[in-house]
Amino acid sequence: MRKIIELKNISKAFDGETVLDNISLDIYDNEFLTLLGPSGCGKTTTLRIIAGFEQPDEGSVLFLGEDIASLPPHKRNVNTVFQRYALFPHLNVYENVAFPLRVKKEDDAEIHQKVSEMLKLVALAGFEKRSVTSLSGGQQQRVAIARALVGRPKVLLLDEPLAALDLKLRKDMQQELKNIQKATGITFVFVTHDQEEALSMSDTVVVMSEGKIQQIGTPIDIYNEPKNAFVADFIGESNIVNGIMLEDRKVRFSGHVFDCVDAGFGKNEAVDVVVRPEDVDIVPEEKGMLKGEVSSVTFLGVYYEIIVDIAGFKWMIQTTDFVDVGEKIGLYIEPDAIHIMHKSQYSGMFGDYSSFSNEFDELSDAEVEVEE
Amino acid sequence: MTKKKDGLTLVRRLALAPYSAWALLFIVVPLFFVAYYAFTDNSFHFTFSNITRFFTATSEVSGNGGVTKEVHTYLVIFFRSLKLAVISTIICLAAGYPMAYLLSRASDRTQKILITLIMIPMWMNFLIRTYAWMTILQDTGILNSLLRSIGLGPVHVIGTETAVVIGMVYDYFPYMILPIYSVMAKMDLKLLEAARDLGCNSFQVLRRVIFPLSLPGVISGITMVLIPSISTFYISQKLGNGKFYLIGDAIEGQYVANNLHFAAAIAFILMVILLVCMAFMQRFANSKASVQ
C-alpha cells in the first residue's frame, strides 16, 4: 500500500501550551483512519495541520512524498468536512456542492454532471434547489460530504462530523460514511472522541492523549491488545489491576496465580493486567479463582453490569446470569482473557470501578470539542 | 400572517400597544398628512398642480458667457442632490467596506477602541461638526495653512461641490461602516476556512463568500447614507455657501415661505423615488444572495 500522508515528528504549541508532542503517523491510500481521543488530546490540531490551517512548529508533513508544509489549504489535494458543516448560507444545495468546481471554473455541463452524481451518492437527489438552512442536521451533513468529495480529493478529513446528530441518525451515517469511503476509494481521516464510532468504522485507529499517540492499530488490535492503561480504559470497559509477571505465561494478581498467554516480560516484572468485563465468568464461590461480593447490579437490556468487590478493588463484570446484591460469588478467568501491559505513566489512574456511575461516564463521553 | 396575529395573546397585544400607538401617531399620521397636503391646494381642494409644478417649473439661469437658458428648476435640483448623494455614498462604501473588514478581523480590544473612535463624532452635535468643517475648509482655514506650511498653494474648497461631499462623507460615514462591520463580525469564520479548503485563494474567498454574505450590511449602509445625504439641507448651505441648492433646501425654502402644500409635494415625490430605489436594491440583493 502506498503512503499518502506522512507526519514526521510534528510538534505544535499554542501560547506555550504543547498541543502536539512529537507525533509521527503514516496514512495509507484507501484507508479509513480514525484519530481517537478525549477533548484536548490534539486530534483536531493534527487534522488542521494536514488541511493546512495550522503550521507545525516542528516536523514535516509529506504528501505523496513531497513536503507540503508551506502549501496553503487551497492548494492541497485534501478537503475537510467541518464539525458544524460550514455550508454557505447564501447558496442552495446545488451551488454548495458545485462551489469547488466553480472556483476551478469548470464548464457548466461538467459541473452539472459531477454535482448530480455526488448528490445521488449522498442520497440527496431532488434537493438541488433547496436552501441549505431549511435542511435537517443529517441532510446538511450529507451536503457537506458531497461538497468535500466533488473535487475528488486524495484525502477527506472529517472533524467530528457526527457529533451534532442524534444517536439513531449517527448510527445510520456511520454505515453510510463507510459505504461512501468504499465506493469512492478516497482515504478518510476521521476525528472522534467516540470509541464505539472509531471501532465500528475504521481500518486503523490512532489513539491519542495529551498530544501524543498512544497506540496505532486495527480496531481489534486496539481492543484486545491495548498498549497501556489509558488505551485499555478509553476503548471499552476494562478492569486494570496491578500484577507481577512471575514467568512467561504466569501472572499473579489479586492474590492468585493465573495462566495467561503473554510472554516476553522480565522475571517478576510489575505489570498492569487488563481483564475485559465480558470475559469474566461467574461461578459458585468455592470454584472461583477470585472471590468477592456483589455490590451493585444494573440491568442494561442485553446483559447485567455488576460491580464486584474483590479484596477492596471493584471489578466490573458483564453477565447474562442474574446475581443479587450482597451475594458472594466466584470469578473464573480464561488464560486468553488476560492481557498484560507494561507499566506506564497511566498506571493506577484507570480501571477501578469504585467510583463508577453510568451517568457520569456518559456525561464525560458527551463532551464535544467545539473549538480547539 | 393573519393566523400569526390571531395567535397573539392579549398580554402580547397589550405589550405591543405603546409601540403601535407611537408608530400610528408619529409615522402613519404624519405620512398621511404629507400626502394629503401634497395633493391639495391652499383651500384643501384636491389637485395635482403641486406634483406637476415639481416636474414643469422652470427658471432662467445664466450660464457661461452670460448666456441665459431656461431649465427645469426642481429637476435640476433633484439631480444635483442625487449626484452629490451618490458620490458621497460611493466614497463611504469604498472607504468603509475594507475598513469594516479589517476591523472585524482585528483583536477584540482593537475592535472596541476603533468602534468607539468611529462613534465619538456622532455624540457631537451635527451643526457643530458642520461648522468645524467650515473652519477647516475656508480659504484661510486650517487646511490651507497646513498646505502653505508644506509649500503647497492654497486650494479653494469651501463653496464647492467638493466641500459639500466632504461634509456628507464625514457626517454619514459611521452609518456605512457600522452595519457592514456588524454583519462581518457575526460571519462564521468556519465558512472562510471552508472556502479556502475548497480551493479559494484570498481574493476568491472575498468574492465568493465574504462579499455575498456581507450584502445585507452593504444594503443597509447604502440606505442609511444615501437617504439622509440626498435630503440634507444644512451641509449644502454651510459648506456650499448656499450656491448648491439641494432638494432638502428646496423643501425647507418652501416650508419657510409657508408654501406647505408644495413643500409636502416635493417631500412626497422624493419619498416615492427613494422607496422605488430601495425596493429595487433589495430585489437585487435577494437575487444576488440566492443565485450565484
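Residues in the range A:88-102: is at least one within 21 Å of B:R208 (Cβ to Cβ), touching a Pro at 6+ places or on another chain (Cβ under 7 Å) and either at the interface with another protein chain (Cβ under 10 Å from one of its Cβ atoms) or buried (at least 20 other Cβ atoms within 10 Å of the Cβ) (or both)? Don't jump to the end; show me each part of the working.
Of all residues in the range A:88-102, those within 21 Å of B:R208 (Cβ to Cβ) come to A:88-102.
Still in the list and also touching a Pro at 6+ places or on another chain (Cβ under 7 Å): A:90.
Then keep just the ones that are either at the interface with another protein chain (Cβ under 10 Å from one of its Cβ atoms) or buried (at least 20 other Cβ atoms within 10 Å of the Cβ) (or both); that gives A:90.
Yes: the range A:88-102 contains one or more residues that are within 21 Å of B:R208 (Cβ to Cβ), touching a Pro at 6+ places or on another chain (Cβ under 7 Å) and either at the interface with another protein chain (Cβ under 10 Å from one of its Cβ atoms) or buried (at least 20 other Cβ atoms within 10 Å of the Cβ) (or both).
Hey, could you check the range B:187-199 for residues that are facing another protein chain (nearest Cβ under 7 Å) and either basic (K, R) or in a helix (DSSP H, G or I) (or both) and say which is farthest from B:S214 (Cα to Cα)?
Step by step, filter the range B:187-199, then rank; the result is B:D197.
Against the condition of a type outside the set (F, W, Y) and in contact (Cβ under 8 Å) with a residue 60 or more places away in the chain, how does A:D248 come out, does it pass? Walk me through how you get there before you give the answer.
Values: of a type outside the set (F, W, Y): yes; in contact (Cβ under 8 Å) with a residue 60 or more places away in the chain: no.
Considered against the rule, which asks whether it is of a type outside the set (F, W, Y) and in contact (Cβ under 8 Å) with a residue 60 or more places away in the chain, A:D248 comes out as no.
List the residue pairs whose Cβ atoms are under 6 Å apart, where the first residue sits in the range B:115-128 and is under 18 Å from B:Y234 (Cβ atoms), the second is assigned to a helix (DSSP H, G or I), and the two are 6 or more positions apart or on different chains.
B:M122/B:P174
When you go through A:D262, A:D281, A:D309, A:D233 one by one, which is the residue that is touching a residue at least 40 places away in the same chain (Cβ under 8 Å), in a strand (DSSP E or B) and of a type in the set (D, E)? Reasoning before the result, please.
Values: A:D262 fails: in a strand (DSSP E or B); A:D309 fails: touching a residue at least 40 places away in the same chain (Cβ under 8 Å); A:D233 fails: in a strand (DSSP E or B).
Of A:D262, A:D281, A:D309, A:D233, the one residue that is touching a residue at least 40 places away in the same chain (Cβ under 8 Å), in a strand (DSSP E or B) and of a type in the set (D, E) is A:D281.
Does B:I273 qualify as being under 16 Å from the mean Cα position of the chain (by Cα) and outside any loop (DSSP other than H, G, I, E, B)?
On the way: under 16 Å from the mean Cα position of the chain (by Cα): yes; outside any loop (DSSP other than H, G, I, E, B): yes.
In short, yes.
Restricting the search to the range B:264-281, which residues are loosely packed, with under 14 Cβ neighbours inside 10 Å and over 16 Å from B:P228 (Cβ atoms)? Even if it seems obvious, please write down each step before you answer.
Going residue by residue through the range B:264-281, those that are loosely packed, with under 14 Cβ neighbours inside 10 Å are B:272, B:275-276, B:279-280.
The answer is B:V272, B:V276, B:A279, B:F280.
Answer yes or no as to whether B:S59 is assigned to a strand (DSSP E or B), of a type in the set (S, T, N, Q) and farther than 30 Å from B:S202 by Cβ.
Details: assigned to a strand (DSSP E or B): yes; of a type in the set (S, T, N, Q): yes; farther than 30 Å from B:S202 by Cβ: yes.
Against the criterion (assigned to a strand (DSSP E or B), of a type in the set (S, T, N, Q) and farther than 30 Å from B:S202 by Cβ), B:S59 qualifies.
For the range A:296-316, what are the residues that are more than 26 Å from A:F253 (Cα to Cα) and surrounded by 18 or more Cβ atoms within 10 Å (Cβ to Cβ)? Quick ask: steps written out before the conclusion?
Taking the range A:296-316 as the starting set, the residues that turn out to be more than 26 Å from A:F253 (Cα to Cα) are A:298-303.
If the condition is that a residue be more than 26 Å from A:F253 (Cα to Cα) and surrounded by 18 or more Cβ atoms within 10 Å (Cβ to Cβ), then no residue fits.
Which residues, taken from the range A:134-145, are of a type in the set (A, V, I, L, M, F, W, C) and either touching an Asp or Glu at 6+ places or on another chain (Cβ under 9 Å) or crowded, with 24+ Cβ neighbours inside 10 Å (or both)? Steps first, please.
Pass one, the range A:134-145, residues of a type in the set (A, V, I, L, M, F, W, C): A:135, A:143-145.
Those that are of a type in the set (A, V, I, L, M, F, W, C) and either touching an Asp or Glu at 6+ places or on another chain (Cβ under 9 Å) or crowded, with 24+ Cβ neighbours inside 10 Å (or both): A:V143, A:A144, A:I145.
If A:R130 satisfies all but one of (1) over 27 Å from A:F53 (Cβ atoms); (2) in contact with a Pro (Cβ under 9 Å, 6 or more places away or on another chain), what's the number of the condition it fails?
(2)
Pick out the one residue from B:L75, B:L117 that is aliphatic (A, V, I, L, M) and under 30 Å from B:A185 (Cα atoms). Before the answer, list the steps.
On the way: B:L75 fails: under 30 Å from B:A185 (Cα atoms).
After ruling out the rest, the residue left standing is B:L117.
Test each condition in (1) among the aliphatic types (A, V, I, L, M); (2) within 15 Å of A:P226 (Cβ to Cβ); (3) touching a helix residue (DSSP H, G or I) at 6+ places or on another chain (Cβ under 9 Å) for A:I329 and report the one that comes out false.
(2)
Among the candidates A:I216, A:I220, A:I244, which residue alone is under 23 Å from A:G351 (Cβ atoms), out of contact with any strand residue (DSSP E or B) (no Cβ under 9 Å at 6 or more places or on another chain) and either of a type in the set (A, V, I, L, M) or assigned to a helix (DSSP H, G or I) (or both)? Outline the logic, then answer.
Values: A:I216 fails: out of contact with any strand residue (DSSP E or B) (no Cβ under 9 Å at 6 or more places or on another chain); A:I244 fails: out of contact with any strand residue (DSSP E or B) (no Cβ under 9 Å at 6 or more places or on another chain).
Only one candidate qualifies: A:I220.
Does A:E54 satisfy being at pLDDT below 95, of a type in the set (D, E, K, R), surrounded by 15 or more Cβ atoms within 10 Å (Cβ to Cβ) and within 18 Å of A:V189 (Cβ to Cβ)? Before you say what the answer is, go through the steps one by one.
Working: at pLDDT below 95: yes; of a type in the set (D, E, K, R): yes; surrounded by 15 or more Cβ atoms within 10 Å (Cβ to Cβ): yes; within 18 Å of A:V189 (Cβ to Cβ): yes.
The answer is yes for A:E54.
Quick one: which residue in A:G211, A:G185 is at pLDDT 90 or above, buried (at least 19 other Cβ atoms within 10 Å of the Cβ) and on the phi > 0 side of the Ramachandran plot? Before you say what the answer is, go through the steps one by one.
Details: A:G185 fails: buried (at least 19 other Cβ atoms within 10 Å of the Cβ).
On inspection, the qualifying residue turns out to be A:G211.
Of everything in the range A:51-100, what is of a type in the set (A, V, I, L, M) and either outside the structural domain of A:K114 (by TED's automatic domain parsing) or within 29 Å of A:E6 (Cβ to Cβ) (or both)? Give them in sequence order.
Taking the range A:51-100 and keeping what is of a type in the set (A, V, I, L, M), we get A:51, A:61-62, A:64, A:68-69, A:71, A:78, A:81, A:86-87, A:91, A:93, A:97-98.
Hits for the range A:51-100 are A:A51, A:V61, A:L62, A:L64, A:I68, A:A69, A:L71, A:V78, A:V81, A:A86.
(1) among the hydrophobic types (A, V, I, L, M, F, W, C); (2) touching a residue at least 24 places away in the same chain (Cβ under 8 Å); (3) more than 13 Å from every other protein chain (Cβ to nearest Cβ); (4) surrounded by fewer than 22 Cβ atoms within 10 Å (Cβ to Cβ): which one isn't true of A:I68, the others all being true?
In the conditions (1) among the hydrophobic types (A, V, I, L, M, F, W, C); (2) touching a residue at least 24 places away in the same chain (Cβ under 8 Å); (3) more than 13 Å from every other protein chain (Cβ to nearest Cβ); (4) surrounded by fewer than 22 Cβ atoms within 10 Å (Cβ to Cβ), A:I68 misses (2) alone.
Return yes when A:V81 is in contact (Cβ under 8 Å) with a residue 12 or more places away in the chain, within 14 Å of another protein chain (Cβ to nearest Cβ) and of a type outside the set (D, E) and no when it is not.
Against the criterion (in contact (Cβ under 8 Å) with a residue 12 or more places away in the chain, within 14 Å of another protein chain (Cβ to nearest Cβ) and of a type outside the set (D, E)), A:V81 qualifies.
If you check every pair at least six apart or on different chains, which have Cβ atoms under 6 Å apart with a residue in the range A:28-43 that is outside the structural domain of A:E17 (by TED's automatic domain parsing) first and a residue that is part of a loop (DSSP other than H, G, I, E, B) and crowded, with 23+ Cβ neighbours inside 10 Å second?
Close Cβ pairs (under 6 Å, with a partner that is part of a loop (DSSP other than H, G, I, E, B) and crowded, with 23+ Cβ neighbours inside 10 Å) do not exist here.
Within the range B:155-186, which residues are surrounded by 19 or more Cβ atoms within 10 Å (Cβ to Cβ) and either within 12 Å of another protein chain (Cβ to nearest Cβ) or under 30 Å from A:L157 (Cα atoms) (or both)?
B:V183, B:M184
Consider B:N241 against the criteria (1) modelled with pLDDT under 90; (2) in contact with a strand residue (DSSP E or B) (Cβ under 7 Å, 6 or more places away or on another chain); (3) not hydrophobic (A, V, I, L, M, F, W, C): it satisfies all of them except one. Which criterion is unmet?
(2)
Only one residue in B:L189, B:L213 is touching a His at 6+ places or on another chain (Cβ under 8 Å) and more than 24 Å from B:N50 (Cα to Cα), so which one is that?
Values: B:L189 fails: touching a His at 6+ places or on another chain (Cβ under 8 Å).
When all the criteria are applied, what remains is B:L213.
The values are calculated or read from the model by the stated rules, or taken from the named source; none is laboratory data. Every value quoted in this text rests on a predicted model; they were computed, and no experiment measured them. Glycine also receives a Cβ, built like all others from the backbone with ideal geometry; neighbour counts cover every protein chain displayed.
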